[in-house]
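Have a look at this one before I ask anything.
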Ligand SMILES: C[S@@+](CC[C@H](N)C(=O)[O-])C[C@H]1O[C@@H](n2cnc3c(N)ncnc32)[C@H](O)[C@@H]1O
């Protein structure tokens, strides 16, 4: 699956700006939850001597930035942390290098929407950086800090085996690895490991030695807990809506069999193994941020948030706005009786915070 375009098609039951604002508020909670550990760890591990020696400006990128205010908040947090490091070493303000900030996402992202959140009196240079973060995104060794929140769970593509009817991992009648057979989960896990290996190898090219990666990765504490997360419960609700639509003759069985969502939620142990196997970065800190369930968006608004992220994916596969509207309308009704959504504090999704340093 290529990730979705941030479509400007009309959104049922909510204006486009309302949907964007809701989605952004939801994501901002993650960045806020990670703010103190991120600042603390960047201040601790940002190596002024080795990084400043080779550059006149400090380059920061937020990968998978999307189009809301969250990304601007995230890069401000990083700059605050770096500036306080310079201050703690009593380096005069006019000797602190200038900052260059890059906002990365897929080419289809609405980068102009990001620019509208930039403060007019900012003390940094800003630019968009379109392209997949699974490839190098800037010249060799030119980056100093890379940030990512809520985006490393997007696979580069749906694992091929799950839509291949001759494969043991064929995911017939299902749209994700949630509650799927072991072979399907293994195919998703293998795709994730391959993608993240690609991500770390790409960063090993564009990040300078000593440079930092600060990652906020949506995860589960243990692999089998994926069914107890909002997102995977949502995937199961969508699956049930699509099967109902097959029953009602609105779409074909084959359309469901060939459709799978390209997201994966790892557990910290899995993530650690992938990073260590890749070997290009050292783990400086790894922490679980919990308790992100309770204060969630109203259940009635849930469909609007999901629509912002998934609409393009459904549209590309099922083809018409009418079918996409039908899917989200059916979802809106079913989610109201979802036991997990009615008790948000019981959900198990966590955010894994990781700070990594580029090895020599
Ligand atoms: C859920 S949003 C997270 C946005 C933001 N980082 C935040 O925390 O609010 C995930 C973003 O990752 C982007 N994305 C997914 N795969 C990508 C890839 N291979 N390269 C760059 N961006 C990608 C999506 O387009 C989407 O905008």
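Read-outs throughout are calculated quantities, based only on the coordinates presented, and are distinct from any laboratory measurement. From a predicted model like this one, the values you see are computed outputs, not experimental measurements. Cβ placement follows ideal geometry from the backbone for every residue including glycine, while neighbour counts extend to all protein chains displayed.
Suppose we take every Cα in the range 33-92 and form the convex hull; what volume per residue is that in Å³?
On the way: hull volume 5.9 nm³, N = 60.
Per-residue hull volume (Cα only) is 98 Å³.
Follow-up. Based on Cα coordinates alone, diagonalise the gyration tensor for the range 16-358, multiply each eigenvalue by 5, take square roots, and list the semi-axes in whole Å, largest first. Working shown, then result.
Working: eigenvalues 272, 91, 67 Å².
After scaling each eigenvalue by five and taking roots: 37, 21, 18 Å.
Continuing with the same structure: For a bin width of 10 Å, list the pair-distance distribution of the range 136-257 built from all Cα-Cα distances, rounded to whole %.
Each 10 Å bin holds this share of Cα pairs: 12, 33, 29, 18, 7, 1.
Working from the alpha-carbon coordinates of the range 24-173, get Rg over Rh, Rh being the Kirkwood radius.
Rounded to two decimals, Rg/Rh equals 1.07.
Sort 70, 55 so that the residue with the fewest other Cβ atoms within 10 Å of its own Cβ comes first and the one with the most comes last. Walk me through the numbers on the way to the answer.
Details: 70 24, 55 15.
Least crowded to most crowded, the residues run 55, 70.
Quick check on the chain: of the DSSP beta bridges with both residues there, what percent are antiparallel, nearest 5%?
Details: 17 of 41 bridges.
Beta bridges within the chain, antiparallel portion: roughly 40 percent.
Then there is this: Where the centre of each part is set by its Cα atoms, how far does the range 284-360 sit from the range 104-175, in angstrom?
17 Å
Something else now. Using just the helices of the chain, give the 222 nm mean residue ellipticity in deg cm²/dmol: DSSP H runs with n ≥ 4 each add -39,500 (n - 2.57), and the total is spread over all residues, rounded to 500.
Working: 11 runs with 155 residues, N = 360.
Estimated from H runs of four or more residues: -14000 deg cm²/dmol.
Let me ask another. With the convex hull built on the Cα atoms of the range 82-166, state its orientation-averaged projected area in nm². Please report the intermediate quantities before stating the final value.
On the way: hull surface 35.0 nm².
If you wrap the Cα atoms of the range 82-166 in a convex hull and average its projections, you get 8.7 nm².
Within 10 Å of each residue's Cβ, count the other Cβ atoms and sort 197, 123, 62 from fewest upward.
Numbers: 197 17, 123 11, 62 28.
Neighbour counts put them in this order, fewest first: 123, 197, 62.
Ranked highest first by average number of other Cβ atoms within 10 Å, how do 82-93, 129-140 line up? Intermediate results must be reported in sequence, preceding the final value.
On the way: 82-93: 13.5, 129-140: 16.7.
So the peptides 82-93, 129-140, ranked by packing, come out 129-140, 82-93.
Another question, then. Per 10 Å bin, what percent of the C-alpha pairs of the range 204-360 does each bin hold, from zero upward?
Going from the shortest bin to the longest, the percentages are 10, 32, 27, 21, 9, 1.
May I ask you to sort 199, 318 by Cβ crowding, counting other Cβ atoms within 10 Å and putting the fewest first?
Details: 199 23, 318 20.
The fewest-first ordering by Cβ neighbours comes to 318, 199.
Which value in nm describes the separation of the simple spin-label points at residue 252 and residue 322, placed 7 Å from the Cα toward the beta carbon?
In this crude spin-label approximation the distance works out to 1.8 nm.
Using packing as a proxy for protection, rank 41-50, 347-356 so that the peptide with the highest average count of other Cβ atoms within 10 Å comes first. The partial results should precede the final answer.
Details: 41-50: 16.7, 347-356: 22.1.
Ranking, from highest mean packing down: 347-356, 41-50.
Once both labels are modelled 7 Å past Cα along the beta-carbon direction, what's the residue 284-residue 56 spacing in nm?
Distance between the two pseudo-spin positions: 2.6 nm.
Using Cα-only point scatterers and the Debye equation, what is log10 of I(q)/I(0) for the range 211-254 at each q in 0.30 Å⁻¹, rounded to two decimals?
With no solvent term, the Cα-only Debye profile gives -0.99.
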